[in-house]
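The values are calculated or read from the model by the stated rules, or taken from the named source; none is laboratory data. What you see is a predicted model, and the numbers here were worked out from it, not measured in a lab. Reconstructed Cβ throughout: ideal geometry from the backbone, glycine too, with neighbour counts over all protein chains shown. Calculation scope for accessible area: heavy atoms of the full protein, side chains included, ligands and nucleic acids excluded. Shrake-Rupley method; radii C 1.70, N 1.55, O 1.52, S 1.80 Å.
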Amino acid sequence: MTQHTMPSSETRSADAMLRARARLVVPGGMWGHLNAARLPDGYPQFFASAEGCRVRDVDGREYIDFMCSWGPILLGHRHPEVQAAADAQAAKGDCLNGPGEVMVDLAEELVAMLPHADWAMFQKNGGDATTSCVTIARAGTGRRKVLVARGSYHGALPWCSPSVAGVTAEDRAHLLHFEYNDVQSLQAAVEEAGGDLAAILVTAFRHDMGRDLEVPTRPFAEAARAACDANDAALIIDEVRAGLRLDIRGSWEVLGVRPDLCAWSKAIANGYALAAITGNDRFREAAARIFVTGSFWCGTVAMAAAQATLRIARETDVTSHVRAMGERLRDGLAVLANQHGIAVRQSGPPQMPLMLFESDTEVRKGRAFCSAALRHGAFFHPQHNMFLSAAHRPADIDEALQAASHGFKAVLELDP
Ligand code: PMP
């Protein structure tokens, strides 16, 4: 074991001390997109606690949270009814020799709630669910090609990771790409797949990092459905990020387009680790035939948390409230940007908004805005879509807008 001299605690924050310790025992200090080096200056790496729409870092600073744990927190951190359901289940046992009654209850609830679904299966992470959807589609069709939109994120597994490190070309051998919302490019990819088309996999809306968000157009959604029908392939919607925030029946229900398979995670258990696949009867047999499993996939606590989350989402019209809070934030940011004479572009559904600055290819303005807003108590993101929750109240949004006004001032103070 190596001896390490730790920095003096008198001069360093708890966050800095934890970062120094982590660098020694965690490769890179932290993996993936969560490495604070990727975030604007001043962003904490480590968090201590959270309640409602507020998160606290390990130095005791509190922020109004617009990331909601990158999506899972739909109802607010530590929502009392979700906590009570999870605690009651935990008292009976979480990790058993197989599933509990709660798995069947939850599958019945999803099937009742989602018009496209005849069945459900459960896992842990979003990447489990997107991967299994692809496996089911291939098993069900006996074909290989999967069409994905260029730049869409479906998880960090070798077949879909945004990085090439450690990934082989063979891992992605049967993926073909199209442009989101571009019917022609979709049809060209369908043609390229020819008789080998297993599935079209598409996110609920276009939420690629660092570019304006786009909701799907009706012609695009209908073309995806029609191409799958004409070729006997599966339409898979990746609801991992958007699920429950746009429409609790499924994000494309409003477009009149239903998927064959859907991948869910993040918000469905309000912060507890759970993913789900839902599907229709066309793919039931294939879903039964593939071999999938995970040591923790039957965990009863997350399923009990999901039951409570879904019930509350149904009973309280959570999407309308979350949308209203997102609209309040968006309107307030537009007014402030205008007052400061700063050009911004706001995009996406208000529940999952993004604000980008004009002429900001290197994200200097976005980062300066976020750093200053953070110092005044609002946790925004400069490039990734943000998330509103049912715990945000108008007063929280107004307080965050005060913090945002410091962000806009910081942008004005940047060197030209
Ligand atoms: N699909 C989408 C659209 C996502 O946003 C994510 C996670 N950000 C995933 C899949 C993968 O989910 P997980 O990180 O839970 O594996």
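Brief remarks on what is shown
- Within segment 271-323, the only residue that satisfies the criterion of being more than 22 Å from GLN89 (Cβ to Cβ), in contact with a Phe, Trp or Tyr (Cβ under 9 Å, 6 or more places away or on another chain) and aromatic (Phe, Trp, Tyr) is PHE283.
- Taken as a whole, the condition of being more than 16 Å from the ligand (Cβ to nearest atom), in a strand (DSSP E or B), crowded, with 19+ Cβ neighbours inside 10 Å and not assigned by TED's automatic domain parsing to the domain that holds GLY326 does not apply to ALA107.
- One residue stands out in segment 143-171 among those that are more than 10 Å from the ligand (Cβ to nearest atom) and open to solvent by 70 Å² or more (accessible area, probe 1.4 Å): the one that is nearest to ALA204 (Cα to Cα), namely ARG150.
- If you filter segment 226-246 down to residues that are open to solvent by less than 40 Å² (accessible area, probe 1.4 Å) and either more than 16 Å from the ligand (Cβ to nearest atom) or not assigned by TED's automatic domain parsing to the domain that holds TRP119 (or both), you find that the one that is nearest to THR135 (Cα to Cα) is ALA234.
- Scanning segment 57-72 for residues that are under 11 Å from MET386 (Cβ atoms) and aromatic (Phe, Trp, Tyr) yields a count of 2.
- GLU222 being in contact with a strand residue (DSSP E or B) (Cβ under 6 Å, 6 or more places away or on another chain) and on the phi < 0 side of the Ramachandran plot: no
- Selection within segment 110-130 - in contact with a strand residue (DSSP E or B) (Cβ under 8 Å, 6 or more places away or on another chain) and not in a helix (DSSP H, G or I): LEU114, HIS116, ALA117, ASP118, TRP119, ALA120, MET121, PHE122, GLN123, LYS124, ASN125
- Single unsatisfied condition, VAL26 versus (1) at pLDDT 95 or above; (2) among the β-branched types (Val, Ile, Thr); (3) outside the structural domain of ASN385 (by TED's automatic domain parsing): (3)
- The one condition from (1) within 16 Å of the ligand (Cβ to nearest atom); (2) buried (at least 21 other Cβ atoms within 10 Å of the Cβ); (3) in a loop (DSSP other than H, G, I, E, B) that CYS133 does not meet is (3).
- When residues in segment 110-127 are screened for being within 16 Å of the ligand (Cβ to nearest atom) and open to solvent by 40 Å² or more (accessible area, probe 1.4 Å), 2 of them pass.
- Annotation: of all residues in segment 247-285 being aromatic (Phe, Trp, Tyr) and outside any loop (DSSP other than H, G, I, E, B), the one that is farthest from the ligand (Cβ to nearest atom) is PHE283.
- Conditions (1) assigned by TED's automatic domain parsing to the domain that holds GLN402; (2) in contact (Cβ under 8 Å) with a residue 24 or more places away in the chain; (3) touching a helix residue (DSSP H, G or I) at 6+ places or on another chain (Cβ under 7 Å); number of the one not met by ASP65: (3)
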